[in-house]
Amino acid sequence: GKMGRAFVYVILGGGVAAGYAALEFVKKGVSHGELCIISDEPVAPYERPALSKGFLLPEAAARLPSFHTCVGANEERLTPKWYKEHGIELVLGTGVKSADVKRKTLLTTTGETISYKILIVATGARALKLEEFGVTGSDAGNVCYLRDIADANRLVDVMQSCPGGNAVVIGGGYIGMECAASLVINKINVTMVFPEEHCMARLFTSKIANYYEEYYKSRGVNFIKGTVLSSFDFDSNGKVTAVNLRDGSTLSVDMVVVGIGIRPNTGLFEGQLTLEKGGIKVNGMLQSSNSSVYAIGDVAAFPVKAVGETRRLEHVDSARKSARHVVSAIMEPNKTREFDYLPFFYSRIFTLSWQFYGDNVGEVVYYGDMSGSTFGAYWVSKDHLVGAFLEGGTKEEYEAIAKATRLRPVIEDLTELERQGLRFAVTV
Ligand code: FDA
Ligand code: NAD
């Protein structure tokens, strides 16, 4: 390729982690011309969580530039102008098609070779396709995925093309739950289909899941659980008209939304960096098996001290905090300790809102009123509190369960913990 530019720092990928890293670089005094961000998306880094929430609202929907990073953490909003003013080279709409970690170069789709002294891989993940589960039809005009702005725009267009219509949502994870809620708010009839016995199976117990499923049912959502789709029927325009399920039933549809999980974008580094748990393995300084290459966000598998093992976390808080940490590790190595991250997940659906901290292993102790609007659960493993969930809490209560989980207090008596409920976290 043509000889191209050279930078001290290159961030590969222009998503959430890239945006938060850029802000931290500026706070730590990066010089003009030292930092470059390369992204195949046509827009500057933005808060991806907005795409399944504010972006899909029927009125006053969120649109760029309102949700560029780093508004999600009440920080500055980084518009393209901001990058320019701080001398950060933003190379947008440009994919990296190969990387050479020995030569420290990246080759872009425009044929440019960009070199670095230090590379931060922040390539995130891609949505899994139905084809990977043996079903064809992902390209149909009314089948939607949701990972980036282009997907979100398409989803809005498809939704608007069938007012009052019927949607099938495939998958009972985060995308499925948040999109189902947004579709209902847009007055689309929703049937959710997923293979597990209950929604959010990776995190929720059946009791917690039941609370949300009952709420969704009260909003008109229909659940078909324990089965997967086997094929689509199409009309002469190639649009999906019906979804055939493995249990033999058929649902006629105007649109389909698919959220069946993700795969980290590690392809450029296979055979060059050590991988683990599907991601790029990094140490407590977020440094990979090549000392010039770091990884953050969805693509990184890092030691999570709080749970005592290496994990890959697919959530925005982890992307933001690993981004801040990596810049500190690079710019101030002597002042930076190992990343010590407490896993934090949350969601907002309809008027509901929950947070979870820590790890969902061990015995579960429920608290609060599951027929009301505030309830939660603790996870106790090897006599320690290791995880906490809360629906409908106040800011102070969420802070309390976060703090309690981080402290990992000894729990001698589960009945006593149950009796104290939320008060345990507030007073620990
Ligand atoms: P992210 O995916 O944000 O960015 C990766 C970037 O790299 C993209 O811009 C991509 O195009 C680019 N890229 C990849 N390969 C490239 C290549 N070869 N060349 C150039 N560029 C390349 N989490 C949460 O905690 N709460 C929430 O409410 C939500 N909500 C939510 C909604 C939706 C719709 C999605 C899709 C995701 C969420 N998430 C979430 C998850 C959260 O958004 C996610 O964890 C972060 O975006 C991860 O940030 P990264 O920067 O690692 O990847
Ligand atoms: P997910 O891992 O949360 O859920 C995947 C779901 O796919 C499973 O729950 C299961 O029901 C379903 N599934 C698995 N195999 C299937 C099959 N063969 N057929 C049909 N369904 C099948 O992934 P997602 O919901 O696609 O979300 C994608 C990414 O976006 C994740 O990284 C997630 O963390 C992130 N996200 C997070 C939030 C949040 O944190 N609030 C919101 C939206 C998206």
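The values are calculated or read from the model by the stated rules, or taken from the named source; none is laboratory data. Keep in mind that what you see is a predicted model, and the values were worked out from it rather than measured. Quick reminder, even Gly has a Cβ in these numbers, built from the backbone with ideal geometry, and neighbours come from all protein chains shown. Only protein heavy atoms, including side chains, enter the accessible area calculation; ligands, DNA and RNA are left aside. Shrake-Rupley method; radii C 1.70, N 1.55, O 1.52, S 1.80 Å.
Data for the structure
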| read-out | value |
| --- | --- |
| Computed over the range 1-154: relative contact order in percent, which uses C-alpha pairs under 8 Å that are six or more apart | 31 percent |
| Surface share of carbon and sulfur [accessible, 1.4 angstrom probe, percent] for the range 278-382 | 43 percent |
| Debye, to nearest 20: dipole size of the chain, +1 on Lys, Arg Cβ, -1 on Asp, Glu Cβ | 1180 debye |
| Extreme residue, positive dipole direction of the chain, given options LEU251, TRP354, VAL316 (C-beta unit charges) | VAL316 |
| Charge context of MET177, other residues only, Cβ under 11 angstrom, K/R +1, D/E -1 | -1 |
| Residue-normalised accessible area of the chain, expressed per residue, 1.4 Å probe, Å² | 43 Å² |
| Dipole of the range 103-247, positive direction: furthest Cα of LEU229, PHE194, TYR174, with charges on the beta-carbon | TYR174 |
| 3J(HN,Hα) from dihedral phi, the range 254-270, Karplus parametrisation 6.51/-1.76/1.60, rounded to Hz, x for glycine, proline | 9, 7, 10, 10, 10, x, 10, x, 10, 10, x, 7, 9, x, 5, 10, 4 |
| Which of LEU414, LEU155 is most accessible, then next, and so on - probe 1.4 Å | LEU414, LEU155 |
| In the range 155-245, the GluC sites (Glu not before Pro) that fall in loop regions by DSSP, at most 14 other Cβ within 10 Å | GLU197 |
| Amide H within-cut-off set for GLY4, under 5 Å, with H built and near neighbours excluded | THR113 |
| Over the range 269-337, relative contact order from alpha-carbon pairs under 8 Å, at least 6 apart, % | 26 percent |
| Carbon/sulfur fraction of accessible area - the range 11-91, other protein chains in place, 1.4 Å, % | 50 percent |
| Sites matching trypsin sites (Lys or Arg not before Pro) across the range 284-364 that sit in DSSP coil, with at most 12 neighbouring C-beta atoms within 10 Å | ARG337 |
| Amide proton proximity set for HIS384, modelled H, under 5 Å, gap of 5+ | ILE411 |
| Shape category assigned to the chain from the gyration tensor of Cα positions, a/c cut at 1.5 | oblate |
| Inter-part distance where the range 249-307 and the range 325-395 are each reduced to a Cα centre, Å | 21 Å |
| Listed residues PHE25, HIS68, ILE37: farthest to the positive end of the dipole of the range 1-97 (Cβ charges) | ILE37 |
| For the chain, calculated [θ]222 nm from helices alone, where every DSSP H run of n ≥ 4 adds -39500 (n - 2.57) | -7000 deg cm²/dmol |
| Accessible surface of the range 121-269 [probe 1.4 Å, protein heavy atoms]: carbon and sulfur percent | 47 percent |
| The chain: antiparallel DSSP beta bridges as a percent of all, rounded to 5 | 60 percent |
| Given LYS129/LYS239; LYS81/LYS335; LYS27/LYS102; LYS53/LYS225; LYS81/LYS321, the pairs whose alpha carbons are separated by over 20 Å | LYS81/LYS335; LYS27/LYS102; LYS53/LYS225; LYS81/LYS321 |
| Relative contact order, percent, the range 281-428 [alpha-carbon distance under 8 Å, six or more residues apart] | 16 percent |
| Proximal aspartates and glutamates to LYS277, defined as alpha-carbon separation beneath 16 angstrom and excluding residues fewer than eight positions away on the same chain | ASP298, GLU309, GLU314 |
